[in-house]
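Here's the structure, in structure tokens; my notes come after.
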Amino acid sequence: MVNLTLYEAMGGEAGIRRLVEVFYPIVVADPDLGPHFPADIRPVQEKQFMFLTQFFGGPALYTEEYGHPMMRARHMHIPLTLKLSQAWLRCMSQALAETGMDPELSRIVMERLSAPAHHFINTPE
Ligand code: HEM
């Protein structure tokens, strides 16, 4: 069997692009998450496209543009609780389902994202 990266399995550039396009409207509409995001979501969406591309094994777009990801540090100005972390993961799970991602692949993607999502928690409930 061909050994694909998760990036390739998720549909490469088009697949990640579609995922972030579906994900952010869900995030912005979430009553807990929405207020933490800027009114113009497009720059965040584009950065997330670049980050997830490299996170899942595609080209290092984010690092080329912004340097070391230091993602926990980049979330430090957000009072990030367990509740917010779970809300973010729930939105991602919904986005994966809405894009029609294969359920087994979605499970792996969620497993990979839940580690950083919990690592970014910086505020007690
Ligand atoms: C755990 C729950 C999370 C919350 C509440 C959250 C919230 C946010 C917010 C509010 C921003 C915008 C910051 C700003 O414009 O000032 C942001 C940016 C970002 N987030 Fe998250 N995030 C979470 C998890 C994650 C995870 C798991 C990843 C990836 C593994 C991620 C990747 C990013 C990226 C790449 C950016 C853009 C960073 C930059 O400014 O260069 N986030 N996040």
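The values are calculated or read from the model by the stated rules, or taken from the named source; none is laboratory data. Just so it is clear, the model here is predicted, and its values are computed rather than measured. We place every Cβ from the backbone using ideal geometry, glycine too, and count neighbours over all the protein chains shown.
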*Could you grab me the full set of residues in segment 50-60 that are surrounded by 16 or more Cβ atoms within 10 Å (Cβ to Cβ) and more than 9 Å from the ligand (Cβ to nearest atom)?*
53, 54, 56, 58
*Does residue 123 count as touching a residue at least 12 places away in the same chain (Cβ under 8 Å), more than 9 Å from the ligand (Cβ to nearest atom) and part of a loop (DSSP other than H, G, I, E, B)?*
yes
*Subset of segment 61-73 [surrounded by 13 or more Cβ atoms within 10 Å (Cβ to Cβ) and over 22 Å from residue 125 (Cβ atoms)]*: 61, 62, 63, 66, 69
*Could you count how many residues in segment 84-111 are farther than 23 Å from residue 43 by Cα, of a type in the set (D, E, K, R) and either surrounded by 12 or more Cβ atoms within 10 Å (Cβ to Cβ) or modelled with pLDDT under 95 (or both)?*
2
*Among the residues of segment 75-86, is any part of a helix (DSSP H, G or I), of a type in the set (D, E, K, R) and out of contact with any strand residue (DSSP E or B) (no Cβ under 8 Å at 6 or more places or on another chain)?*
yes
_Tell me the residue from 28, 22, 44 that is out of contact with any Gly (no Cβ under 6 Å at 6 or more places or on another chain), at pLDDT 95 or above, within 11 Å of the ligand (Cβ to nearest atom) and in a helix (DSSP H, G or I), please._
44
